[in-house]
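> Take this structure first; my questions come after.
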Amino acid sequence: MLPVFEAAGDRVGQARARLRLGQQRQLAGRHEEADRELVRALGHAVAAGAEPERAAALGAVGVSLWRGPEPVAAAVGRCRALLAEHGGGRPTVGVTLNCPLAVLLALHDRPARALAALDEAERLSAGLSYAEAKVFLPVFRATVHTLAGRRSEALRLLAAADEEAVRLGAAGMRCAIALEAGRLLLDDGRPAEAARRLAPAAGAEGLPRADAVDLTGLWARLAAASGDERTALAAADEAVAAAALTDSPLLRATAALDRARVLAALGRDTGAAAAARSAVEHFTDKGHLPGARAARSLLGELTAARTTETI
């Protein structure tokens, strides 16, 4: 439809078409390409005075700044610049941009500023008829607490968000919540609870590539915990290969770290160390400080274990 809208000079149609193209790129994990389409969508929306399309394009740009290859420091700068340019008098824009900004700040070890951004998003959302805010705002808040190492609070927020998602019939959000909660429980050494918590995601069809990669990596870790070496190794390799098809350093890093944990659980320390080093590189490329620390911590544990064995 884009050529039709272009030929007609239909700015709103072009904004919507470019927005859809950008969202499709995001679902495939191609955030740099998505960003280009979304910036074009934004330009058309602004020219047409189309406020819903403006807000949607800006929110999507924020997601690609968070998940895509742009380093955290630069992504924070762009997010703040977009807020300054478009946020004044537009509460929906303030909500949609402050949420990814909060995660970016948390990735850079600034949890207090991240929570302040979410407080602003919550304040702005109170004046909107935005029922879904009671689901996604606690999820973003849980992500910030997770990055700050506060697992119990993150799990509490995710449980509350899941209850609200059930009430609203928001199945897609339940999948995202399940993935985050499952990972927290697995990181906390609670594999049986993690497996139960992942059930909503396990039955989902047509997952975005990022969610599919996360789910596969988590199943790999669960298989390793149960001693199913063949399944664990195959799933871990599948997650890394799928992540490599994206331009997301966060997704690549997470898949590599999951693979490192699988290999470590199976006693394959040399391969685990190599995977952990790969995770460190990807986290560092993005500027994800908590992730880089977690990968380095695992690498240190593996190095210490090898040293002990040789003494």
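> Taking the options Thr254, Thr246, name whichever one is within 22 Å of Ala202 (Cα to Cα), in contact (Cβ under 8 Å) with a residue 12 or more places away in the chain and not in a helix (DSSP H, G or I).
Thr246
> Return the only residue of Arg80, Arg20, Arg54 being open to solvent by less than 40 Å² (accessible area, probe 1.4 Å), among the basic types (Lys, Arg), on the phi < 0 side of the Ramachandran plot and at pLDDT 95 or above.
Unique residue meeting the criteria: Arg54.
> Can you tell me how many residues in segment 23-36 are within 22 Å of Arg90 (Cα to Cα) and surrounded by 24 or more Cβ atoms within 10 Å (Cβ to Cβ)?
0
> Of the residues in segment 264-282, how many are open to solvent by 10 Å² or more (accessible area, probe 1.4 Å) and at negative phi?
Result for segment 264-282: 13.
> Could you say which residue among Ser125, Ser129 is more than 19 Å from Arg78 (Cβ to Cβ), over 20 Å from the mean Cα position of the chain (by Cα) and open to solvent by less than 40 Å² (accessible area, probe 1.4 Å)?
Every option except Ser125 fails the conditions.
> So for segment 62-74 (the condition being without any contact (Cβ under 8 Å) to a residue 12 or more places away in the chain and more than 23 Å from Phe136 (Cβ to Cβ)), does at least one residue qualify?
yes
> Quickly run through segment 44-53 and pick out the residues that are assigned to a helix (DSSP H, G or I) and in contact with a helix residue (DSSP H, G or I) (Cβ under 7 Å, 6 or more places away or on another chain).
His44, Ala45, Val46, Ala47, Ala48, Glu53
> What about Gly59, is it free of Cβ contacts under 8 Å to residues at least 12 places away in the same chain and of a type in the set (Gly, Ala, Ser)?
So Gly59 fails the test.
> Name every residue in segment 189-241 that is open to solvent by less than 30 Å² (accessible area, probe 1.4 Å) and either touching a strand residue (DSSP E or B) at 6+ places or on another chain (Cβ under 9 Å) or in contact (Cβ under 8 Å) with a residue 40 or more places away in the chain (or both), in order of residue number.
The answer is Ala210, Val213, Gly217, Leu218, Ala220, Arg221, Ala224.
Here is a yes/no grid of residues against (1) polar (S, T, N, Q); (2) under 26 Å from Ala242 (Cβ atoms); (3) assigned to a helix (DSSP H, G or I):
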residue: Asp35; (1), (2), (3): no, yes, yes
residue: Leu42; (1), (2), (3): no, no, yes
residue: Ala55; (1), (2), (3): no, no, yes
residue: Ser64; (1), (2), (3): yes, yes, yes
residue: Ala75; (1), (2), (3): no, yes, yes
residue: Arg80; (1), (2), (3): no, no, yes
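> Still on this model: Going residue by residue through segment 277-285, is there one that turns out to be in contact with a Gly (Cβ under 6 Å, 6 or more places away or on another chain), assigned to a helix (DSSP H, G or I) and over 27 Å from Ala73 (Cβ atoms)?
no
> List the helices (runs of 4 or more DSSP H) inside segment 151-200, counting only whole elements, that have at least 3 residues being acidic (Asp, Glu).
In segment 151-200, 151-168 are the helices (runs of 4 or more DSSP H) which contain 3 or more residues that are acidic (Asp, Glu).
The values are calculated or read from the model by the stated rules, or taken from the named source; none is laboratory data. Please read these numbers as outputs of a predicted model, since none were measured by experiment. All Cβ positions, even for glycine, are placed from backbone atoms using ideal geometry, and neighbour counts span all protein chains on display. Side chains included, ligands, DNA and RNA excluded: accessible areas come from the protein's heavy atoms. Shrake-Rupley method; radii C 1.70, N 1.55, O 1.52, S 1.80 Å.
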